[in-house]
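**Q** First the structure, which I've put down as structure tokens, then a few questions once you've had a look.
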Amino acid sequence: MAKLKTRKAAAKRFKVTGSGKFMRRRAFRNHLLDPKSPKRKRYLAGMALVDERDAENVSRMLPYA
């Protein structure tokens with residue numbers, strides 16, 4: 001059987017944890033940062049877990065993750 005191809009765009013956006021869950025970046029930290037508080041910007045800088053309802057789609061895009 002042929003090997004499955006990884007979606008390279010998804011591979012750059014998601015990382016897998018040790019337990020097999022997927023991590024993602026938070027949105028709203030690209031521009032217009034002046035009105036946002038430093039506390040909010042620090043929070044947005046962290047990683048977040050991909051919701052369990054989206055995890056199946058992400059795992060299909062990353063077949064060997």
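Every number in this text was worked out from the coordinates using simple rules, so none of it is lab data. Since this is a predicted model, take the numbers as computed values, not measurements. Ideal geometry is used to build each Cβ from the backbone, glycine not excepted, and the neighbour counts take in all protein chains shown.
**Q** Listed residues Arg40, Arg29; which is of a type in the set (Lys, Arg) and assigned to a helix (DSSP H, G or I)?
**A** After applying the criteria, what remains is Arg40.
**Q** Moving to a separate point now. How many residues does region 23-47 hold that are more than 22 Å from Thr6 (Cβ to Cβ) and touching a residue at least 24 places away in the same chain (Cβ under 8 Å)?
**A** So the count comes out to 0.
**Q** Additional query: Residues being in contact (Cβ under 8 Å) with a residue 12 or more places away in the chain and under 14 Å from the mean Cα position of the chain (by Cα): count how many of those fall in region 55-65. Steps first, please.
**A** Taking region 55-65 as the starting set, the residues that turn out to be in contact (Cβ under 8 Å) with a residue 12 or more places away in the chain are 55, 58-59, 61-65.
When the remaining residues are screened for being under 14 Å from the mean Cα position of the chain (by Cα), the result is 55, 58-59, 61-62, 65.
Total meeting the criteria: 6.
**Q** Name the single residue, out of those in region 1-35 being closer than 11 Å to Val58 by Cβ and in contact with a strand residue (DSSP E or B) (Cβ under 9 Å, 6 or more places away or on another chain), that is surrounded by the most Cβ atoms within 10 Å (Cβ to Cβ).
**A** The residue in question is Phe22.
**Q** Report, by residue number, each residue of region 17-26 that is in a loop (DSSP other than H, G, I, E, B) and of a type in the set (Lys, Arg).
**A** Scanning region 17-26 gives Lys21, Arg26.
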